[in-house]
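All remarks here apply to the structure that follows.
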Amino acid sequence: MITLYHHPFSRAANVLWTLEEVGEPYKLEFVDFTKGGQKSPELLALNPMGKIPVLVDGDAVVTEAAAIALYMADRYASGRLAPRLDDPRRGTFLRWILFSPSVLEPGVMAKTGGWQFKPSQAGWGDYDAMMKTVEYAIAGKQFLLGDTFSIADVVFGGGLRYLLRFGMIPATPSLTAYTERLAARPAAQRADARNAAIVKERGLGG
């Protein structure tokens, strides 16, 4: 049984969408932030960073949301949710699945936090160029790979859904339409409902 160490107010919430898309049996292990559960000996043994998400699949332990998504798609949905290694689309798939955590997230944090840095020295570069690149990724397409949905849309699009929800990036027509297409997916709706149910059951507010 696949186990995801989870809290609905963490990146594990989007990993839950990954699991729903893949369709393999899994269970959630709730991690209580208010009691320092992410720093418990059990979690630190799995991830010394003391952070979630953490996914355990047999002897495999995977951390970092994008890595978990890539692992799950390659292991359980290769050719369906991830292009195979010899598929020319594989490069595009990897490009955008890694863009969100390595460029989009820190770029938005730098913008909202007023960080002082030289764009030429930062991996995310210039904010305006970054946002133009986000628009470019989905321009004229249903999904990142054209008409084919992939786990890259979960990582990239899930990040956009979060940023748009909290007004951290502009809600342009193309980004709004793209994230609405993603939100309409049954797996996304199941994940959203389960996250919301946990919020209610645990009295987390939000």
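The longest stretch of the chain left intact once loop-based chymotrypsin sites (Phe, Trp or Tyr not before Pro) with at most 16 other Cβ atoms within 10 Å are removed from consideration, loops following DSSP, is 10-114. Cross-link partners for Lys27 among the aspartates and glutamates, with Cα-Cα distance under 13 Å and sequence neighbours closer than 8 places in the same chain left out: Asp57.
Across all directions, the average projected area of the convex hull around the alpha carbons of region 90-187 is 6.3 nm². A straight Cα-to-Cα reach below 20 Å connects Lys35 with the aspartates and glutamates Glu201, residues fewer than 8 places away in its own chain not being considered. Altogether, the Stokes-Einstein calculation at 4 °C and 1.567 mPa s, with the Kirkwood radius of the chain over Cα pairs as Rh, returns a diffusion coefficient of 73 µm²/s. Net charge of the neighbourhood of Gly23, taken over other residues with C-beta under 11 Å away and scored Lys/Arg +1, Asp/Glu -1, is -1. Straight-line cross-link partners of Lys39 among the aspartates and glutamates, defined as a Cα under 17 Å from its Cα and at least 8 positions apart when in the same chain: Glu29, Glu64. Considering only Gly205, Val15, Phe99, and ranking their Cα positions along the charge dipole of the chain that arises from unit charges at the beta-carbon of Lys, Arg, Asp and Glu, the one farthest toward the positive end is Gly205.
For the chain, set up a Gaussian network in which alpha carbons nearer than 10 Å are linked by springs, and say which option among Leu104, Leu46, Leu55 fluctuates the most. Sorting by GNM fluctuation, first place goes to Leu46.
Measuring between their Cα centroids, region 61-98 and region 112-132 lie 26 Å from each other. Restriction of the trypsin sites (Lys or Arg not before Pro) in region 52-136 to DSSP coil positions whose beta-carbon has at most 16 other beta-carbons within 10 angstrom yields Arg80, Arg84, Arg89.
Quick check: net charge around Arg75, other residues with Cβ under 12 Å of its Cβ, Lys/Arg +1 and Asp/Glu -1? Here the count lands on -2. For the residues Ile151, Ile68, Ile138, a GNM of the chain with alpha-carbon springs under 10 Å puts the largest fluctuation on Ile138.
Every number here is computed from the coordinates shown, using simple stated rules; none is lab data. The structure displayed is predicted, hence computed values, not measured ones. Cβ sites come from the backbone with ideal geometry, for glycine too, and all protein chains shown count toward neighbours.
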